[in-house]
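The values are calculated or read from the model by the stated rules, or taken from the named source; none is laboratory data. Predicted model, so just to flag it, every value in this text is computed and none were measured. Cβ sites come from the backbone with ideal geometry, for glycine too, and all protein chains shown count toward neighbours. Heavy atoms of the whole protein, side chains included, go into the accessibility calculation; ligands, DNA and RNA do not. Shrake-Rupley method; radii C 1.70, N 1.55, O 1.52, S 1.80 Å.
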Amino acid sequence: MAALRILVVGGGGREHALCWLLRRENPDADLYCAPGNPGTAEVATNLPIAADDVDRLADAADMHGIDLVVVGPELPLALGLADRLRAEGRAVFGPGRAAAQLEASKAFAKEVMAAAGVPTAASRTFGAGELAAALAYVAGHPEPLVVKASGLAAGKGAVVCATREEAAATLRAMMAERAFGAAGDTVVVESFLEGEEMTVLAITDGEALALLPPSQDHKRLGEGDTGPNTGGMGAYAPVSLATPELLGRVEREILRPTLAELRRRGAPFSGVLYAGLMIDATGAPSVVEFNCRLGDPEAQVVLPLVAGGVTASFLSVARGGLPMPIAYPDGTFAVTTVLAARGYPDRPEKGAAITLPASLPEGVTVFHAGTVRDADGTLRVAGGRVLNVTAVAASFAEAQAKSRAAAEAIHFDGRTLRRDIGWREAGRVGRSARTA
């Protein structure tokens, strides 16, 4: 039987984690990554094709006789890569352009949720030329509030504003100064949701669901969840807050109604539906955001927990079948610490040489996110988020300690990290131990 030929699209930490897992599940596969990075080069063949170059990616799929394309980032999905490849007979894991609007347009996502009765923050949408109306709305809005660029803004388009003045300044930056380019031409102003955030990732054919372990990302730059929003400074999984009862509510009240509404609109979703949730004090979930792909850094903390079944599930969905069950053992925990460049998220400094330890402890994997390798082999910083250090262990405390220690053993000038990833879970674990 011929080896499976797989193409992963993207070049960040999520794509390194995908390649790492797909190689582990398929040791004999012909595995490619476009454009990839120095980490993916260790487990796959990198192709020098940008993730948004739809024409060249389609050509590469033909040239290499690809059996399965896994699209990592949101931009190529929003550009219709999956539609193009499916039209050419390729099995693709990832939604088409119409369904990908669930992430590419926050305004569209709000429309879908309203029609489906999905719980989310109250909001108003303002288009180009409506800055004055948006400012007037904000002037009477309770504090705090959230201003979101409707389009794709690399995970940094949602701004939590403590005051109406801050929200007005954010609106001007987005709509008048175009701080996020076209992504901010339309904005969503919404009420601030109180509670604890959690991410649920569901592999789906548009109806059936196979859930991955729930995770919690840390968006703020500084410890204790302080400082500016980033693309994510670390994550842990699973989350003890995610009881079977809560996950059942997420399926019934959020995932299934959203998928049904997309089908009703003629935009059926297949791939990974990412639900970024807020869990309030009563345990009720509301949607903060939807993404149309695996999260980053959530993929780097969730995929190492998986014992098997990802390739089979991706293939089945890509070929029009049902998602297959994903195996992951009970009693296993993962923590990912992100190493970022100095100046991240606004002005990351690039070019610093990176020193990795000669060996890593058992259960620790380093995923490359923003790195490049010189001709002489020197590894250097090439992005805002540089490396993701994931530790898997038999307890949360051990995974947390191993991830932090391994991250501290990596050096480059300007290295920035949080040493408190999983601090809420650590508090829960501590309380449980004291009451046991």
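Taking each residue of the stretch 392-415 that is closer than 15 Å to residue 333 by Cβ and at pLDDT 95 or above and looking for partners that are among the β-branched types (Val, Ile, Thr) and assigned to a helix (DSSP H, G or I) with beta-carbon atoms closer than 7 Å, six or more apart or interchain, yields 396/429; 397/429. Scanning the stretch 350-382 for residues that are more than 25 Å from the chain's Cα centre (by Cα), within 21 Å of residue 304 (Cβ to Cβ) and open to solvent by less than 50 Å² (accessible area, probe 1.4 Å) yields a single hit, 357.
Scan the helices (runs of 4 or more DSSP H) fully inside the stretch 220-302 and keep the ones with 1 or more residues being among the β-branched types (Val, Ile, Thr) and more than 20 Å from residue 314 (Cα to Cα).
Numbers: elements: 244-250, 256-264, 298-302.
Passing ranges, in order: 244-250, 256-264.
Within the stretch 186-213, the set of residues being touching a helix residue (DSSP H, G or I) at 6+ places or on another chain (Cβ under 7 Å) and not in a strand (DSSP E or B) comprises 186, 205, 206, 207, 212, 213.
Right, residue 347: open to solvent by 70 Å² or more (accessible area, probe 1.4 Å), outside any loop (DSSP other than H, G, I, E, B) and either free of Cβ contacts under 8 Å to residues at least 60 places away in the same chain or aromatic (Phe, Trp, Tyr) (or both) or not? Answer is no for this residue. Taking the criterion of being among the small types (Gly, Ala, Ser) and in contact with a Ser or Thr (Cβ under 7 Å, 6 or more places away or on another chain), the only residue of the stretch 342-375 that qualifies is 353. Considering (1) over 30 Å from residue 331 (Cβ atoms); (2) surrounded by 15 or more Cβ atoms within 10 Å (Cβ to Cβ), the lone condition that residue 273 does not fulfil carries the number (1). The conditions of being surrounded by fewer than 21 Cβ atoms within 10 Å (Cβ to Cβ), touching a residue at least 12 places away in the same chain (Cβ under 8 Å) and under 18 Å from residue 231 (Cα atoms) are met by residue 420.
Among the residues of the stretch 28-37, is any part of a helix (DSSP H, G or I), open to solvent by 10 Å² or more (accessible area, probe 1.4 Å) and either among the acidic types (Asp, Glu) or modelled with pLDDT of 95 or more (or both)? Within the stretch 28-37, none of the residues are part of a helix (DSSP H, G or I), open to solvent by 10 Å² or more (accessible area, probe 1.4 Å) and either among the acidic types (Asp, Glu) or modelled with pLDDT of 95 or more (or both). Within the stretch 285-295, not a single residue is free of Cβ contacts under 8 Å to residues at least 60 places away in the same chain and open to solvent by 10 Å² or more (accessible area, probe 1.4 Å). When the stretch 52-77 is filtered for residues that are touching a helix residue (DSSP H, G or I) at 6+ places or on another chain (Cβ under 7 Å) and either assigned to a loop (DSSP other than H, G, I, E, B) or surrounded by fewer than 20 Cβ atoms within 10 Å (Cβ to Cβ) (or both), the ones remaining, listed by number, are 52, 54, 58, 72.
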